[in-house]
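The values are calculated or read from the model by the stated rules, or taken from the named source; none is laboratory data. Keep in mind that this is a model prediction, so the values were computed, not measured. So basically every Cβ, Gly included, is an ideal-geometry build from the backbone, and we count neighbours across all protein chains shown.
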Amino acid sequence: MTGSFGELGSLLKQAQQMQRDLDKVREELKSRTVEGTAGGGSVRVWVTGDRSVSRVEIAPELLAKPDKSLLEDLLLAALRDGLGKAQRLSTEAFAKITGGINLPGLF
């Protein structure tokens, strides 16, 4: 019986270490930023690794002759680009810890 409890204790320690590693990655992702763009860079957004939009920049040319529909489309495209990059950044960072295993609710 002692062997079984020893293995269980070892698994518990490994799980606790993995949790600490995951928490560390989550904190690191908050400080990493990716840039999403659209319209050849006329709309740019910055998104953190935890998928928070931290900044938006719109080129003055787009505001000179405002086209509401175009601006909305470009902003949406830039956000999708930035959020997609942040998702990939997050997935890659967590994969290093999980060995590529997809754990539901992790990201």
Examine the range 92-102 for a residue that is assigned to a helix (DSSP H, G or I), of a type in the set (S, T, N, Q) and within 30 Å of residue 18 (Cβ to Cβ), and state whether such a residue exists.
yes
Of those in the range 34-72 that are over 12 Å from the mean Cα position of the chain (by Cα) and in a loop (DSSP other than H, G, I, E, B), the residue modelled with the lowest pLDDT is 66
Tell me, please, whether a residue that is of a type in the set (Lys, Arg), surrounded by fewer than 16 Cβ atoms within 10 Å (Cβ to Cβ) and at pLDDT 90 or above can be found in the range 79-90.
yes
Top-ranked residue in the range 31-53 [being under 27 Å from residue 72 (Cα atoms) and free of Cβ contacts under 8 Å to residues at least 24 places away in the same chain; ranked as surrounded by the most Cβ atoms within 10 Å (Cβ to Cβ)]
33
Is there a residue being touching an Asp or Glu at 6+ places or on another chain (Cβ under 8 Å), hydrophobic (A, V, I, L, M, F, W, C), closer than 30 Å to residue 16 by Cβ and in contact (Cβ under 8 Å) with a residue 24 or more places away in the chain anywhere in the range 73-87?
yes
Quick one: which residue in 28, 7 is part of a helix (DSSP H, G or I), surrounded by 10 or more Cβ atoms within 10 Å (Cβ to Cβ), in contact with a helix residue (DSSP H, G or I) (Cβ under 8 Å, 6 or more places away or on another chain) and of a type outside the set (Val, Ile, Thr)?
28
Being of a type in the set (S, T, N, Q) and at positive phi is the filter here, so list the residues in the range 1-59 that pass it.
none
